[in-house]
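Shown next, in C-alpha coordinates, is the structure this report addresses.
The values are calculated or read from the model by the stated rules, or taken from the named source; none is laboratory data. What you see is a predicted model; the values in this text were computed from it and never measured. Using ideal geometry, Cβ is built from the backbone for each residue, glycine included, and neighbour counts are taken over all protein chains shown.
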Amino acid sequence: MDDLNELRTFRAILAEGSLSAAARRLGVTLAVVSRRLAVLERRVGMRLIHRTTRALSPTQDGARLLDAIEAALDGLDQAELRLAGARDEPSGLLRVSAPVSFGRRFVAPLLGGLAALHPRLSVQLALSDRVVDLVGEGFDVAVRIGRPADSSAVMRRLADNQRILVAAPAYLDTAGRPDAPEQLRGHAFLRYGGAAAPWRLHGADGRTAELDAPARLHADSGDAVHDWALSGFGIMLKSAIDVADDLASRRLERVLPGWHGGDAPVVALHPSARHLPLKTRVLLDALVARFAPSATEAGNPALRQA
(Lines give C-alpha, C1' and ligand atoms only; values in the text may rest on other atoms or scores of the structure.)
Protein backbone atom coordinates (compact mmCIF):
# COMPACT_ATOMS: atom_id res chain seq x y z
CA MET A 1 0.00 0.00 0.00
CA ASP A 2 2.90 2.37 0.72
CA ASP A 3 4.24 1.72 -2.79
CA LEU A 4 0.86 2.64 -4.28
CA ASN A 5 0.67 5.81 -2.17
CA GLU A 6 4.10 6.84 -3.44
CA LEU A 7 3.06 6.29 -7.06
CA ARG A 8 -0.22 8.15 -6.60
CA THR A 9 1.66 10.98 -4.92
CA PHE A 10 4.19 11.13 -7.77
CA ARG A 11 1.34 11.37 -10.30
CA ALA A 12 -0.46 14.05 -8.23
CA ILE A 13 2.70 16.19 -7.97
CA LEU A 14 3.10 16.28 -11.74
CA ALA A 15 -0.63 16.80 -12.33
CA GLU A 16 -0.87 19.72 -9.88
CA GLY A 17 2.52 21.31 -10.58
CA SER A 18 3.65 21.60 -6.97
CA LEU A 19 4.11 19.53 -3.83
CA SER A 20 1.77 21.73 -1.79
CA ALA A 21 -1.04 21.47 -4.37
CA ALA A 22 -0.57 17.71 -4.49
CA ALA A 23 -0.83 17.61 -0.69
CA ARG A 24 -4.15 19.48 -0.81
CA ARG A 25 -5.46 17.19 -3.53
CA LEU A 26 -4.50 14.05 -1.60
CA GLY A 27 -5.61 15.38 1.78
CA VAL A 28 -2.21 14.92 3.43
CA THR A 29 0.49 17.24 4.72
CA LEU A 30 3.30 18.70 2.63
CA ALA A 31 5.78 16.71 4.73
CA VAL A 32 4.05 13.44 3.78
CA VAL A 33 4.22 14.31 0.07
CA SER A 34 7.91 15.22 0.32
CA ARG A 35 8.69 12.01 2.20
CA ARG A 36 6.84 9.80 -0.30
CA LEU A 37 8.67 11.39 -3.23
CA ALA A 38 12.04 10.97 -1.50
CA VAL A 39 11.32 7.30 -0.73
CA LEU A 40 10.25 6.64 -4.33
CA GLU A 41 13.37 8.30 -5.77
CA ARG A 42 15.56 6.39 -3.33
CA ARG A 43 13.95 3.08 -4.20
CA VAL A 44 14.28 3.51 -7.99
CA GLY A 45 17.74 5.03 -7.58
CA MET A 46 17.23 8.11 -9.75
CA ARG A 47 15.91 11.65 -9.67
CA LEU A 48 12.35 11.78 -11.00
CA ILE A 49 11.45 15.48 -10.84
CA HIS A 50 13.27 18.69 -11.78
CA ARG A 51 12.66 21.38 -9.17
CA THR A 52 12.95 25.11 -9.96
CA THR A 53 11.73 28.17 -8.08
CA ARG A 54 8.77 28.45 -10.47
CA ALA A 55 7.69 24.97 -11.49
CA LEU A 56 8.18 21.24 -11.32
CA SER A 57 8.69 18.96 -14.32
CA PRO A 58 9.56 15.29 -14.74
CA THR A 59 13.07 14.19 -15.64
CA GLN A 60 13.38 11.83 -18.60
CA ASP A 61 13.37 8.92 -16.17
CA GLY A 62 10.41 10.45 -14.34
CA ALA A 63 8.44 10.84 -17.58
CA ARG A 64 9.07 7.20 -18.47
CA LEU A 65 7.99 6.08 -15.02
CA LEU A 66 4.83 8.19 -15.23
CA ASP A 67 3.89 6.61 -18.57
CA ALA A 68 4.47 3.16 -17.10
CA ILE A 69 2.32 3.68 -14.01
CA GLU A 70 -0.57 5.65 -15.56
CA ALA A 71 -2.27 2.58 -17.03
CA ALA A 72 -1.79 0.58 -13.83
CA LEU A 73 -3.12 3.32 -11.57
CA ASP A 74 -6.04 4.03 -13.90
CA GLY A 75 -6.92 0.35 -13.81
CA LEU A 76 -6.90 0.38 -10.02
CA ASP A 77 -8.99 3.57 -9.94
CA GLN A 78 -11.58 2.04 -12.24
CA ALA A 79 -11.73 -1.10 -10.13
CA GLU A 80 -12.29 0.98 -7.00
CA LEU A 81 -15.02 2.96 -8.74
CA ARG A 82 -16.75 -0.24 -9.85
CA LEU A 83 -16.70 -1.48 -6.27
CA ALA A 84 -18.07 1.85 -5.03
CA GLY A 85 -20.73 1.79 -7.74
CA ALA A 86 -21.69 -1.74 -6.76
CA ARG A 87 -22.31 -0.52 -3.22
CA ASP A 88 -24.20 2.44 -4.70
CA GLU A 89 -23.49 4.30 -1.50
CA PRO A 90 -21.62 7.62 -1.56
CA SER A 91 -19.21 8.06 1.30
CA GLY A 92 -16.49 10.35 2.59
CA LEU A 93 -16.29 14.12 3.00
CA LEU A 94 -18.12 16.25 0.42
CA ARG A 95 -16.86 19.88 0.42
CA VAL A 96 -19.18 22.42 -1.24
CA SER A 97 -18.96 26.18 -1.77
CA ALA A 98 -21.96 28.44 -2.42
CA PRO A 99 -22.93 32.14 -2.15
CA VAL A 100 -24.13 33.12 1.32
CA SER A 101 -27.81 33.91 0.75
CA PHE A 102 -28.40 31.54 -2.15
CA GLY A 103 -26.49 28.75 -0.45
CA ARG A 104 -28.40 29.04 2.80
CA ARG A 105 -31.73 29.05 1.01
CA PHE A 106 -31.20 26.42 -1.68
CA VAL A 107 -27.98 24.44 -1.19
CA ALA A 108 -27.91 23.85 2.58
CA PRO A 109 -31.33 22.10 2.73
CA LEU A 110 -30.38 19.90 -0.22
CA LEU A 111 -27.10 18.89 1.45
CA GLY A 112 -28.92 18.12 4.67
CA GLY A 113 -31.25 15.83 2.77
CA LEU A 114 -28.33 14.04 1.09
CA ALA A 115 -26.60 13.49 4.43
CA ALA A 116 -29.80 12.02 5.88
CA LEU A 117 -30.21 9.75 2.84
CA HIS A 118 -26.59 8.56 2.81
CA PRO A 119 -25.27 7.81 6.33
CA ARG A 120 -21.68 7.27 5.12
CA LEU A 121 -21.54 10.75 3.60
CA SER A 122 -20.36 13.79 5.56
CA VAL A 123 -20.76 17.35 4.28
CA GLN A 124 -18.86 20.60 4.73
CA LEU A 125 -20.58 23.68 3.28
CA ALA A 126 -18.63 26.94 2.92
CA LEU A 127 -20.94 29.94 2.45
CA SER A 128 -19.10 32.89 0.90
CA ASP A 129 -19.77 35.43 -1.84
CA ARG A 130 -16.15 35.24 -3.01
CA VAL A 131 -15.03 33.00 -5.86
CA VAL A 132 -13.13 30.07 -4.38
CA ASP A 133 -10.24 28.13 -5.90
CA LEU A 134 -11.77 24.69 -6.40
CA VAL A 135 -8.54 22.70 -6.56
CA GLY A 136 -6.38 24.92 -4.38
CA GLU A 137 -8.91 24.95 -1.54
CA GLY A 138 -10.00 21.35 -1.97
CA PHE A 139 -13.67 21.78 -2.91
CA ASP A 140 -15.59 19.02 -4.68
CA VAL A 141 -18.32 21.33 -6.04
CA ALA A 142 -18.93 25.08 -6.17
CA VAL A 143 -22.42 26.43 -6.86
CA ARG A 144 -22.27 29.92 -8.36
CA ILE A 145 -24.50 32.52 -9.92
CA GLY A 146 -23.08 33.90 -13.15
CA ARG A 147 -20.77 32.64 -15.85
CA PRO A 148 -17.49 31.40 -14.32
CA ALA A 149 -14.13 32.78 -15.30
CA ASP A 150 -12.40 29.53 -14.30
CA SER A 151 -12.10 27.74 -17.65
CA SER A 152 -10.34 24.74 -16.10
CA ALA A 153 -13.43 23.67 -14.15
CA VAL A 154 -16.20 21.51 -15.53
CA MET A 155 -19.51 23.41 -15.54
CA ARG A 156 -23.06 22.11 -15.34
CA ARG A 157 -25.81 24.67 -15.95
CA LEU A 158 -28.58 24.30 -13.36
CA ALA A 159 -31.02 27.14 -14.12
CA ASP A 160 -31.46 30.14 -16.36
CA ASN A 161 -31.35 33.42 -14.50
CA GLN A 162 -30.87 37.16 -15.01
CA ARG A 163 -29.85 40.11 -12.87
CA ILE A 164 -32.72 42.59 -12.60
CA LEU A 165 -33.43 45.98 -11.01
CA VAL A 166 -35.74 45.89 -7.99
CA ALA A 167 -36.86 48.22 -5.21
CA ALA A 168 -39.46 48.37 -2.47
CA PRO A 169 -42.87 49.73 -3.54
CA ALA A 170 -42.64 52.35 -0.78
CA TYR A 171 -39.40 53.71 -2.26
CA LEU A 172 -40.88 53.85 -5.77
CA ASP A 173 -44.05 55.52 -4.47
CA THR A 174 -41.85 58.36 -3.19
CA ALA A 175 -39.05 58.51 -5.79
CA GLY A 176 -41.10 57.61 -8.85
CA ARG A 177 -41.21 54.67 -11.24
CA PRO A 178 -38.87 55.19 -14.21
CA ASP A 179 -40.02 54.17 -17.68
CA ALA A 180 -36.58 54.25 -19.34
CA PRO A 181 -32.93 53.89 -18.21
CA GLU A 182 -32.27 57.62 -18.55
CA GLN A 183 -34.99 58.28 -15.97
CA LEU A 184 -32.92 56.42 -13.35
CA ARG A 185 -30.67 59.44 -12.88
CA GLY A 186 -31.17 60.91 -9.44
CA HIS A 187 -32.38 57.67 -7.87
CA ALA A 188 -30.68 56.08 -4.85
CA PHE A 189 -28.70 52.96 -5.65
CA LEU A 190 -27.66 50.07 -3.40
CA ARG A 191 -24.55 48.10 -4.31
CA TYR A 192 -22.41 45.26 -3.04
CA GLY A 193 -19.07 43.82 -4.08
CA GLY A 194 -15.73 45.42 -4.79
CA ALA A 195 -15.64 47.34 -8.07
CA ALA A 196 -18.16 50.11 -8.68
CA ALA A 197 -18.39 49.50 -12.43
CA PRO A 198 -21.37 50.89 -14.36
CA TRP A 199 -24.43 48.69 -14.62
CA ARG A 200 -24.97 47.56 -18.21
CA LEU A 201 -28.65 47.10 -18.97
CA HIS A 202 -30.13 45.12 -21.85
CA GLY A 203 -33.51 45.86 -23.40
CA ALA A 204 -35.89 43.37 -24.98
CA ASP A 205 -35.41 45.06 -28.36
CA GLY A 206 -31.63 44.57 -28.30
CA ARG A 207 -30.81 48.06 -27.00
CA THR A 208 -28.23 48.51 -24.24
CA ALA A 209 -27.67 51.29 -21.73
CA GLU A 210 -24.94 51.98 -19.19
CA LEU A 211 -25.78 53.39 -15.78
CA ASP A 212 -23.10 54.75 -13.44
CA ALA A 213 -25.34 53.96 -10.44
CA PRO A 214 -23.32 55.75 -7.73
CA ALA A 215 -23.99 53.90 -4.49
CA ARG A 216 -25.97 55.60 -1.78
CA LEU A 217 -25.30 52.54 0.39
CA HIS A 218 -22.56 50.00 -0.33
CA ALA A 219 -21.72 46.70 1.40
CA ASP A 220 -19.61 43.59 0.89
CA SER A 221 -22.64 41.46 1.74
CA GLY A 222 -25.45 40.72 -0.68
CA ASP A 223 -27.76 40.02 2.27
CA ALA A 224 -27.15 43.50 3.71
CA VAL A 225 -27.98 45.16 0.39
CA HIS A 226 -31.07 42.98 0.06
CA ASP A 227 -32.25 44.14 3.50
CA TRP A 228 -31.66 47.77 2.53
CA ALA A 229 -33.79 47.31 -0.57
CA LEU A 230 -36.61 45.72 1.47
CA SER A 231 -36.40 48.68 3.86
CA GLY A 232 -36.96 51.13 1.00
CA PHE A 233 -33.51 52.74 0.79
CA GLY A 234 -33.10 52.49 -2.99
CA ILE A 235 -32.73 50.34 -6.11
CA MET A 236 -30.51 47.25 -6.31
CA LEU A 237 -29.38 45.00 -9.17
CA LYS A 238 -29.96 41.46 -7.99
CA SER A 239 -30.21 37.91 -9.27
CA ALA A 240 -33.83 37.19 -10.23
CA ILE A 241 -33.83 33.82 -8.48
CA ASP A 242 -32.82 35.54 -5.21
CA VAL A 243 -35.77 37.95 -5.27
CA ALA A 244 -38.48 35.74 -6.82
CA ASP A 245 -40.29 35.29 -3.48
CA ASP A 246 -40.07 39.03 -2.69
CA LEU A 247 -41.59 39.87 -6.06
CA ALA A 248 -44.36 37.30 -5.64
CA SER A 249 -45.24 38.71 -2.19
CA ARG A 250 -44.87 42.31 -3.46
CA ARG A 251 -42.21 43.14 -0.87
CA LEU A 252 -40.14 44.19 -3.88
CA GLU A 253 -41.13 45.49 -7.30
CA ARG A 254 -39.39 45.11 -10.63
CA VAL A 255 -37.90 48.36 -11.90
CA LEU A 256 -37.86 48.75 -15.72
CA PRO A 257 -39.45 45.33 -16.40
CA GLY A 258 -38.34 45.45 -20.03
CA TRP A 259 -34.67 45.67 -19.07
CA HIS A 260 -32.22 43.36 -17.29
CA GLY A 261 -28.60 43.42 -16.18
CA GLY A 262 -27.43 40.38 -18.15
CA ASP A 263 -27.65 36.63 -17.89
CA ALA A 264 -26.49 35.09 -14.61
CA PRO A 265 -27.16 31.35 -14.84
CA VAL A 266 -26.99 29.15 -11.76
CA VAL A 267 -24.13 26.71 -12.35
CA ALA A 268 -22.32 23.92 -10.55
CA LEU A 269 -18.57 23.63 -11.04
CA HIS A 270 -16.27 20.75 -10.21
CA PRO A 271 -12.58 20.14 -10.92
CA SER A 272 -11.82 18.37 -14.14
CA ALA A 273 -11.41 14.68 -13.41
CA ARG A 274 -11.25 11.53 -15.49
CA HIS A 275 -13.31 9.63 -12.94
CA LEU A 276 -15.92 11.61 -11.03
CA PRO A 277 -16.35 10.35 -7.44
CA LEU A 278 -19.73 8.89 -6.59
CA LYS A 279 -20.33 11.50 -3.87
CA THR A 280 -19.86 14.28 -6.45
CA ARG A 281 -22.12 12.61 -9.00
CA VAL A 282 -24.85 12.19 -6.40
CA LEU A 283 -24.68 15.88 -5.48
CA LEU A 284 -24.71 17.05 -9.11
CA ASP A 285 -27.73 14.86 -9.88
CA ALA A 286 -29.54 16.25 -6.82
CA LEU A 287 -28.77 19.85 -7.87
CA VAL A 288 -30.05 19.24 -11.40
CA ALA A 289 -33.26 17.72 -10.02
CA ARG A 290 -33.69 20.58 -7.53
CA PHE A 291 -33.43 23.36 -10.09
CA ALA A 292 -34.99 21.71 -13.15
CA PRO A 293 -38.54 23.06 -12.40
CA SER A 294 -37.21 26.63 -12.04
CA ALA A 295 -34.91 26.48 -15.07
CA THR A 296 -37.65 27.84 -17.34
CA GLU A 297 -39.23 31.27 -17.41
CA ALA A 298 -42.58 29.71 -16.52
CA GLY A 299 -41.19 28.70 -13.14
CA ASN A 300 -39.69 32.09 -12.30
CA PRO A 301 -41.98 35.12 -12.00
CA ALA A 302 -39.01 37.48 -12.20
CA LEU A 303 -37.91 36.09 -15.55
CA ARG A 304 -41.42 36.12 -16.96
CA GLN A 305 -41.31 39.91 -16.90
CA ALA A 306 -38.06 40.11 -18.87
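Of the residues 200, 185, 163, 207, which is under 30 Å from residue 284 (Cα atoms) and not hydrophobic (A, V, I, L, M, F, W, C)?
163
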Out of the residues in the range 248-278 that are of a type in the set (A, V, I, L, M), buried (at least 19 other Cβ atoms within 10 Å of the Cβ) and within 30 Å of residue 185 (Cβ to Cβ), state the one that is modelled with the lowest pLDDT.
264
Can you say whether residue 186 is at positive phi and surrounded by 14 or more Cβ atoms within 10 Å (Cβ to Cβ), as far as the supplied structure shows?
no
Return yes when residue 60 is surrounded by fewer than 18 Cβ atoms within 10 Å (Cβ to Cβ), under 32 Å from the mean Cα position of the chain (by Cα) and at pLDDT below 90 and no when it is not.
no
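For residues in the range 65-75 being of a type in the set (D, E, K, R) and surrounded by 12 or more Cβ atoms within 10 Å (Cβ to Cβ), which is nearest to residue 44 (Cα to Cα)?
70
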So, in the range 126-153, how many residues would count as being without any contact (Cβ under 8 Å) to a residue 40 or more places away in the chain, assigned to a loop (DSSP other than H, G, I, E, B) and farther than 27 Å from residue 200 by Cα?
1
Condition check: modelled with pLDDT under 85, within 20 Å of residue 267 (Cβ to Cβ) and assigned by TED's automatic domain parsing to the domain that holds residue 123. Does residue 142 satisfy that?
no
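Per-residue answers, yes or no, for (1) at pLDDT 90 or above; (2) crowded, with 21+ Cβ neighbours inside 10 Å:
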{"position": "194", "(1), (2)": "no, no"}
{"position": "200", "(1), (2)": "yes, no"}
{"position": "230", "(1), (2)": "yes, no"}
{"position": "234", "(1), (2)": "yes, yes"}
Considering residues that are surrounded by 21 or more Cβ atoms within 10 Å (Cβ to Cβ) and farther than 18 Å from residue 280 by Cβ, the number found within the range 87-101 is 1
Conditions (1) closer than 18 Å to residue 265 by Cα; (2) surrounded by 13 or more Cβ atoms within 10 Å (Cβ to Cβ): number failed by residue 147
(2)
Can you name the number of the only condition in (1) without any contact (Cβ under 8 Å) to a residue 40 or more places away in the chain; (2) farther than 18 Å from residue 259 by Cβ; (3) not aliphatic (A, V, I, L, M) that residue 156 fails?
(1)
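Among the residues of the range 118-138, which ones are surrounded by fewer than 22 Cβ atoms within 10 Å (Cβ to Cβ) and at pLDDT below 90?
128, 129, 130, 131, 132, 133, 135, 136, 137, 138, listed by residue number.
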Can you tell me which of (1) of a type outside the set (A, V, I, L, M); (2) under 28 Å from the mean Cα position of the chain (by Cα); (3) at pLDDT below 85 is the one residue 75 doesn't meet?
(2)
Over the range 30-57, the set of residues exposed (fewer than 12 other Cβ atoms within 10 Å of the Cβ) and assigned to a loop (DSSP other than H, G, I, E, B) is 45, 52, 53, 54, 55
Contacts under 6 angstrom Cβ, first residue in the range 21-36 being without any contact (Cβ under 8 Å) to a residue 24 or more places away in the chain, partner in a helix (DSSP H, G or I) and of a type in the set (S, T, N, Q), 6 or more apart
30/20
